[in-house]
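Notes follow once the structure below has been shown.
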Amino acid sequence: MVTSPITSASPTALEAELLRLAGSVPDPELPVLTLEDLGVVRAVRVRSADSVEVELTPTYTGCPAIEAMSADIERVLREHGMREVSVHTVLTPAWSTDDISTEGRRKLHEFGIAPPRASRAPGPVPLALGPTRTTHTGVGTSQPHPEPVRCPHCGSAGTELLSRFSSTACKALRRCLSCREPFDHFKEL
């Protein structure tokens, strides 16, 4: 169900605590991250003593994990005394990889997934179509992003794209040209 964002004043202490609890839920596709690390839980609003509404923004429209995230949030908040939990999918503002916390980026790197690179600039994301295998060595690049995707294993900037999609649609499969290890890269959105 898509709704408009919940409007309210600043969060109460209870709302802040429930937001912390909802944010502590592990991401079903990347359990090394919490929903707070990922930046997808937007707001929690208490409607009565035992009723709460939660705003949740998917990483992309059609994300198959949104149902699991919603169910896990409902379970956690019910375990903490909320009888009625309503999770609403909110598409605006759209989620971007800029919403991933510094802690989340650190966890991705430690888990062996190259975190998304720094944001380019506000506005539309440029799309360049080209060959499936592209390399980025930091010199004479064929990629539109000026910053290389660094290997999370050895730190080398010399990597190659093997597939635009990996274990999930939000990741690409790359290989390091130095240590030759394959790795996932959380794509920039």
Can you spot a residue in the stretch 88-106 that is closer than 25 Å to LEU189 by Cα, without any contact (Cβ under 8 Å) to a residue 12 or more places away in the chain and surrounded by 14 or more Cβ atoms within 10 Å (Cβ to Cβ)? yes
Given the residues LEU30, LEU14, LEU38, LEU19, which is the only one that is touching a helix residue (DSSP H, G or I) at 6+ places or on another chain (Cβ under 7 Å) and surrounded by 14 or more Cβ atoms within 10 Å (Cβ to Cβ)? LEU38
Residues satisfying the stated conditions in the stretch 47-84, i.e. of a type in the set (Gly, Ala, Ser) and outside any helix (DSSP H, G or I): SER48, ALA49, SER51, GLY62, ALA65, GLY81
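Any read-out appearing in this document is the output of simple, stated calculations on the displayed coordinates, not a laboratory observation. What you are looking at is a predicted structure, and each value in this text was computed from that prediction instead of being measured. Counting neighbours? That spans all protein chains shown, and the Cβs are built from the backbone with ideal geometry, glycine included.
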